[in-house]
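Following: one structure in structure tokens, then a few remarks.
The values are calculated or read from the model by the stated rules, or taken from the named source; none is laboratory data. Given the structure is predicted, the values throughout are model-derived calculations rather than measurements. Ideal geometry is used to build each Cβ from the backbone, glycine not excepted, and the neighbour counts take in all protein chains shown.
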Ligand code: GLN
């Protein structure tokens, strides 16, 4: 039977609750415990797919095609398990379901209320996540902080769970921020006391508290919090800001949280984190630097490219290098700025994106990479941009484009497929999730994966237009990955280039710290093997 750990947040959001949950998953897995993770997001959107990266950061995509919170990316990377659409629940999903049932007449005669109907629907979704993967322990993170109005039904639902599955099978962990004040740098526990009081007012007594802080937390402080919150002192766990997020499982383990949870749940207590320790040791050892330029439009907000950055961390670590990212705003390239920065990077990544802002700058980045033989990895939009750029070169015309950015273009290199044309809704209507792809023997893609067939995760509406296959093939483009029916170009690469490759899918979602993604791994390898020429031509 599955046991549950519910993780709530207090004081402030964005203190690393997602990484903490992912790390708890890892320390349990290190004991041979089967774990899965679920995120409950109290916002009204059905999923984050329609939200701007400014609101939400990256949209993470699961194998089964759900557009989810970026914390699921941390979960997958830390516990090394694939999650599913049941792993992310939002208020939007819950209310749609409840209202649909009401219209259908399922509640006939009853008044439909937050308690019990909405809470029942939430609990049903928690049960689905447990049923789907059948873990020993399901970790459930409640998004936001205690006290948020929209979080209340979720907190009520997890409170009820204690009675539903028995108190021995449920733990509550509260993650709070311990701020430092002013010049003295004194750590303050009062906000934590208040947020635990709020939680208790809702009927939830935490079993453990994780204290996020920038400065070390001493014993006296832990004792004080233990006293005020009725939590055992050993379960008041300090978590100071780490150099890398991958240190967090080790920090929680050293603080004894794994031992505490396992004693409570009657699970095996001996943990083997030696491989993870080795990974962290290698990450923290200073190495030769490798500078990768990520050319995008949300570069001031790296959360928008969370999985891309992490995939680069994994791949550079594999090659024993330290990653240094130069975040280059694509619009700067359009204004003739930033080319000197391109001349100093060892490779360029153009990540995914939607809408026409900054597109021309991304096309210029692809051109720079092609002309200067600089390794290039294009992710979804980055592949489309690479194909458009080559077409412009062949046709000697800037008219070539995607119909996403220029619906009337004379040369629609990237276009909608027939079945996408009639779609009116924006939410959940893209090509989403894992699709198979055949690899062509002798290609760079095939060499990277070392297999004939792969599956990768998609999130896009537009595709390579087959009408231009021949023209671009003659110009040196190779369609090294294709859908099994041969209809869709999934990977395109340049023959005569050290490494210029784009995928219509998002490889970044499948990279894991101990298993870098083959395309990222070989892209980084190329950046090491082919030193940059350092030319600064602006190419405008
Ligand atoms: N906007 C492009 C499309 O919809 C690319 C999407 C992406 O990069 N994820 O096809």
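Worth a mention:
Okay, residues lined up against (1) within 24 Å of residue 179 (Cβ to Cβ); (2) touching a strand residue (DSSP E or B) at 6+ places or on another chain (Cβ under 7 Å):
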{"position": "217", "(1), (2)": "yes, yes"}
{"position": "223", "(1), (2)": "yes, no"}
{"position": "240", "(1), (2)": "yes, yes"}
{"position": "251", "(1), (2)": "yes, yes"}
{"position": "258", "(1), (2)": "no, no"}
{"position": "282", "(1), (2)": "no, no"}
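- Residue ID - farthest from the chain's Cα centre (by Cα), chosen from residues in the range 39-59 that are touching a residue at least 60 places away in the same chain (Cβ under 8 Å) and more than 24 Å from residue 132 (Cβ to Cβ): 44
- Tally, over the range 203-220, of residues that are at pLDDT 95 or above and farther than 17 Å from residue 16 by Cβ: 5
Yes/no per residue for (1) surrounded by 15 or more Cβ atoms within 10 Å (Cβ to Cβ); (2) more than 26 Å from the chain's Cα centre (by Cα):
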site: 89; (1), (2): yes, no
site: 93; (1), (2): yes, no
site: 115; (1), (2): no, yes
site: 124; (1), (2): no, no
site: 128; (1), (2): yes, no
site: 131; (1), (2): no, no
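- Selected residue (only one of 358, 338 is more than 22 Å from residue 411 (Cα to Cα), buried (at least 20 other Cβ atoms within 10 Å of the Cβ) and either more than 19 Å from the chain's Cα centre (by Cα) or more than 16 Å from the ligand (Cβ to nearest atom) (or both)): 338
- Here residue 426 fits the description: surrounded by fewer than 18 Cβ atoms within 10 Å (Cβ to Cβ) and either within 14 Å of the ligand (Cβ to nearest atom) or in a loop (DSSP other than H, G, I, E, B) (or both).
- When each of 231, 248, 237 is tested for being assigned to a helix (DSSP H, G or I) and in contact (Cβ under 8 Å) with a residue 12 or more places away in the chain, the lone residue that passes is 248.
- Every test in (1) modelled with pLDDT under 95; (2) on the phi < 0 side of the Ramachandran plot is passed by residue 363 save one, and that test is (1).
- Count of the range 285-314 residues which are closer than 24 Å to residue 76 by Cα and more than 22 Å from the chain's Cα centre (by Cα): 0
- Of the strands (runs of 3 or more DSSP E) contained entirely in the range 436-540, those carrying at least 2 residues that are away from the ligand (no atom under 16 Å from the Cβ) and closer than 30 Å to residue 58 by Cα fall at 453-460, 477-482, 489-494.
- Residues that are surrounded by 12 or more Cβ atoms within 10 Å (Cβ to Cβ) and within 33 Å of the chain's Cα centre (by Cα) within the range 215-224 comprise 215, 217, 222, listed in sequence order.
- Residue within the range 424-436 that is more than 21 Å from residue 66 (Cα to Cα) and in contact (Cβ under 8 Å) with a residue 12 or more places away in the chain present: no
- Residues of the range 188-206 classified as free of Cβ contacts under 8 Å to residues at least 60 places away in the same chain and touching a helix residue (DSSP H, G or I) at 6+ places or on another chain (Cβ under 6 Å), total: 4
- Exclusive hit being touching a residue at least 60 places away in the same chain (Cβ under 8 Å), within 17 Å of the chain's Cα centre (by Cα) and not in a helix (DSSP H, G or I), set 14, 36, 23: 36
- Given (1) at pLDDT 95 or above; (2) crowded, with 23+ Cβ neighbours inside 10 Å, number of the condition residue 170 does not satisfy: (2)
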